[in-house]
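Presented below is the structure to which this report refers.
Throughout, read-outs are computed from the coordinates displayed, never taken from laboratory work. Quantities reported herein were computed from a predicted structural model and do not represent experimental measurements. Neighbour counts run over all protein chains shown; Cβ positions are idealised from the backbone, glycine included.
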Amino acid sequence: MTEARRLAEYHSPEGAQEYLEEYQKLHRKFSDRRERRLLEGFFAQMGTLQSALDLPCGWGRYLPLLASRSERVVQSDYSGSMLAMGRERFAKLPVWGRIRASGTQLPIADGGVELAFSIRLNHHLVTPEHRLQHLREMSRISSRYLIFTYFDAASLKNRLRQRQVRRGRKKPKNTLARHQVRETLEQAGFRILADPMLFRIGSGHRVVFAQRGVK
Ligand SMILES: C[S@@+](CC[C@H](N)C(=O)[O-])C[C@H]1O[C@@H](n2cnc3c(N)ncnc32)[C@H](O)[C@@H]1O
């Protein structure tokens, strides 16, 4: 699927509703729990934050967590329907701003937020250049911390997938190599503090926690 088509789907009310329903499924609840446990560990190391950008925020799955750890939360997503759904679902939680924007070009100043938080976007970006550009953009706007996920090219899940791709049975995943991620962050002045797999066997996602200016 092209990136434009995927974006149009997310932007539509039907696409946003579909994503919300996906998260009611059992396997999603399981991965949600594991993901939250990893994130809680990262948040414990950061203490209370001044500001955080949640991009892509989707329907606001992480708004309660972010609002409990950061004085200000900005939500952003390409999809206007996702932003609207999040506003309805969490009407009582304070949000500093909502911005409809692309993760590869954010209308935010350099170092404009203390934490840039991007869960489950990278593997939706169709070209490798966009996947790296997204990391550069998140690094640019973060004054201190980064948390994001990506699909690791060397993961067992991806290696099994590549066999299917070679047999013409499946399409390739949108991956990055671990060294590419590390080098991109280092060039932007960040060091990776942790990058565990979401699940060693059943998932190819890594959850990265990085800090600016640490030797
Ligand atoms: C899998 S959802 C993840 C949402 C949220 N982070 C979560 O974990 O629940 C992917 C989100 O990325 C958004 N999205 C897709 N491509 C995007 C892009 N290029 N820039 C910004 N948001 C994008 C979609 O609208 C959707 O809300």
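Orientation-averaged projection of the chain equals 11.5 nm² [convex hull of Cα atoms, one quarter of hull surface area].
Projecting the Cα atoms of GLN75, ALA153, VAL165 onto the charge dipole of the chain (Cβ charges, centred on the Cα centre) puts VAL165 farthest toward the positive pole.
If you sort the three axes of the alpha carbon gyration tensor as a ≥ b ≥ c, you get a/c of 1.5 or more for the range 25-106 and a/b no higher than b/c, which makes it oblate.
Computed about its Cα centre, the charge dipole of the range 3-212 is approximately 1060 debye, with only Lys, Arg, Asp and Glu carrying charge at their Cβ. Taking a sphere under 11 Å around the Cβ of ALA154 and counting the other residues whose Cβ falls inside, with K and R at +1 and D and E at -1, yields a net charge of +3.
For the pair the range 66-86 / the range 116-180, the C-alpha centres are spaced 22 Å from each other. In the range 3-212, a dipole from Cβ-located charges (positive for Lys and Arg, negative for Asp and Glu) runs towards its positive end, and of VAL126, LEU115, GLY58 it is VAL126 whose Cα lies farthest in that direction. Packing order of peptides 48-61, 91-104, 163-176, 196-209, highest average first: 48-61, 196-209, 91-104, 163-176 (average count of other Cβ atoms within 10 Å over each peptide's residues).
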